[in-house]
């Protein structure tokens, strides 16, 4: 486990900012709308409200959240990456401290505005962590674990798991709050998909006369292989090569730029891949 001074300083700053942003979101939009976020955060908020409703006690956020993250942190340490897990643990601890320290603040009482803008901020905070190889904890660990093992984008699967939290919340606290929480989680997931694409895949079909050079460019950028298929142009009936490769969504633009540098006349078709089976190189988390 090696540390890079500049890179790790940037990671540290981003993680602290993300923890603070998520805590502000919890103490403003989430609390004002009585919403239930996804994952460990949502379960923590649900437990807090159960204690408040049935026992008349306000329990602190941090201990519950840290306890719920124990197994996901173990999965991260064992299967994803040690430094990745340490920064994620820092995010979890700091977020809990900020939530317990910050006073509640209400910006609006409109539940729809609270759900939409709260979901946007939540998605931004999670994306910030993922961009510097960290996570906000809980089901994010599980999403990354399954994405690496199965080669599919599993964040929508995590959205399905969160439905169980919302059903419990709906039964205990009313369905209106649960339904607004679904909007919150959906918006958060869409923002995450927009900002962070490393666990999404793009399929590239590249028509070129420089197939070997294009394959070398792809390998240099992202260490992915490619398949060369021989084809014939329908207009001139001349021989053409089609390079087929699958790259991550986060690498897609860089690969296209590299291909254009090799062959500026290359015809490139980039398609979103919904599911991938087989070996697909994912850079290991440090």
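Bear in mind that the values in this text are calculations on the coordinates, not laboratory data. Because the structure is a prediction, the values reported are computed rather than measured. Every residue, glycine among them, receives a Cβ derived from its backbone with ideal geometry; neighbour counts consider all protein chains shown.
Figures for the structure shown
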quantity	calculated
On Cα atoms only, tilt of 175-195 relative to the major axis of the chain in degrees	30 degrees
Point-to-point label distance, residue 229-residue 100, nm (Cα→Cβ direction, 7 Å offset)	5.8 nm
Nearest-ten-degree value, helix 39-50 long axis tilted from longest Cα axis of the chain	10 degrees
Scaled radius of gyration (Cα, divided by 2.2 N^0.38 Å) that the chain gives	1.18
Residue order, fewest to most beta carbons within 10 Å, for 77, 175	175, 77
Spatial extent of the range 201-273: Rg and Dmax, with the Cα atoms as the point set, Å	11.5, 36
Proxy reagent accessibility, fewest Cβ within 10 Å first, across 203, 139, 41	203, 139, 41
Acute angle (nearest 10 degrees) that the helix 82-101 long axis makes with the longest principal axis of the chain, alpha-carbon atoms	30 degrees
Dimensionless Rg over Rh [the range 153-242; C-alpha; Kirkwood]	1.32
Relative contact order (%) - the chain, alpha-carbon pairs under 8 angstrom, separation at least six	21 percent
Shape box of the range 1-80 [Cα atoms, principal axes, largest first, Å]	49, 28, 18
